[in-house]
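The values are calculated or read from the model by the stated rules, or taken from the named source; none is laboratory data. All values reported here derive from a predicted model rather than from experimental measurement. Reconstructed Cβ throughout: ideal geometry from the backbone, glycine too, with neighbour counts over all protein chains shown.
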Amino acid sequence: MSDAGATGTTPAPPLFSSCQFTTPDTSFEQDLALLSEIGAQGIGICEFKLRAGEETAQLEAMQASGLRASVCMPANIAPLPTGVVFPGPDDIDQRIELMCASVRRFAPFQPESIVVITGALRERTPQQARRIVVEGLREVAQVAALENLRLGLEPQRVDVLPGRSLVSTIPDTLDLIEEIGADNIDIVYDVYHLFETEDIIELTRRHAGAFGGVHICDWRRETRGWMDRVLPGDGVIDLPALFAALEDGGYDGWYDLEVFSDDGRYGADYADSLWKLPPRQVLEAGLAGFKHAWELRAGARDA
């Protein structure tokens with residue numbers, strides 16, 4: 001458990017950022033301005049908002065804003081094919097090349113973590129798919145190491161995303177990282193994907209030191225699909241309990257707001273999509289919900 005209470009010291013406030021998928025229609029610079037204005041400390045850069053040939057100017061804009069790059073999302077995210085959000089070639093060698101190129105493109109921004117996932121099995125056996133993922137992520141990790149960067153492997157739930165990931169739990173992901181054998185790969189802990197897994201509180205506390213970033217949102221009580229996420233506090237995830245477990249385990253990194261809320265661009269046009277709201281409203285409400293859940297974490301320990 002955190003020793004803040006025992007020593008009488010006040011723990012440092014948590015680091016808050018927002019993934020640029022939360023505000024998909026704003027520019028890189030607009031996100032910098034909005035996040036600075038609401039008091040965020042970082043930005044979860046999404047590569048699709050970097051403009052070819054203008055990366056140096058965008059880096060300078062980020063540095064001028066005072067924000068830091070937190071949990072960042074490459075356009076090329078997986079050794080195996082994924083889906084509509086991250087399109088790419090089917091050829092594995094091409095995919096690995098592109099993943100390495102994404103890492104190099106992010107390097108000047110010095111992100112805390114670059115998210116990777118395994119991708120989907122499709123027609124492959126689990127053994128074939130795992131071999132591709134291990135070899136591919138090992139190569140990408142080597143490129144990241146040359147840039148003094150870390151990757152964050154994100155386990156993904158299999159109930160709403162069947163066949164889309166080789167790992168869905170913390171132990172599964174740790175096993176895969178061990179097999180890859182690179183010392184610059186952490187876990188990206190996404191509350192959406194992990195909150196219902198068995199023994200999640202104990203696993204969170206025990207393995208908090210292995211987490212390179214935390215994605216936050218909430219699960220709508222009657223969810224309509226994997227792109228129907230809601231803001232912290234508006235769903236059924238016991239965020240205070242998860243935050244308490246993370247803090248007790250020693251995690252002191254980024255909490256990155258990541259909300260997918262389809263407005264039709266990916267096939268499900270929800271009338272109440274958060275993507276249809278003013279971006280500032282979404283970010284302010286997301287930060288407020290996070291802060292409220294954070295303040296409740298002490299009570300969650302006593303429950």
Exercise for the section: Within the range 101-134, work out how many residues are touching a strand residue (DSSP E or B) at 6+ places or on another chain (Cβ under 7 Å) and either part of a helix (DSSP H, G or I) or under 10 Å from Pro74 (Cβ atoms) (or both). Expected result: 7
Exercise for the section: Tell me which residues, restricted to the range 159-179, are surrounded by fewer than 20 Cβ atoms within 10 Å (Cβ to Cβ) and either outside any loop (DSSP other than H, G, I, E, B) or under 17 Å from the mean Cα position of the chain (by Cα) (or both). Expected result: Leu161, Ser168, Thr169, Pro171, Asp172, Leu174, Asp175, Glu178, Glu179
Problem - Looking only at the range 236-278, and only at residues there that are in a loop (DSSP other than H, G, I, E, B), surrounded by fewer than 24 Cβ atoms within 10 Å (Cβ to Cβ) and of a type in the set (Asp, Glu), the one that is nearest to the chain's Cα centre (by Cα) - result: Asp252
Practice task
Need at least 3 residues that are at pLDDT 95 or above and in contact with a helix residue (DSSP H, G or I) (Cβ under 7 Å, 6 or more places away or on another chain) per element, so show me which helices (runs of 4 or more DSSP H) inside the range 1-100 make the cut, counting only ones lying wholly within it.
Solution key: 28-38, 55-65
Problem - Meets criteria (out of contact with any helix residue (DSSP H, G or I) (no Cβ under 6 Å at 6 or more places or on another chain) and more than 24 Å from Pro11 (Cβ to Cβ)) for Asp269 - result: yes
Completion exercise
Restricting the range 181-216 to residues that are part of a loop (DSSP other than H, G, I, E, B), over 21 Å from Pro111 (Cα atoms) and not hydroxyl-bearing (Ser, Thr, Tyr), the one nearest to the chain's Cα centre (by Cα) turns out to be Phe195
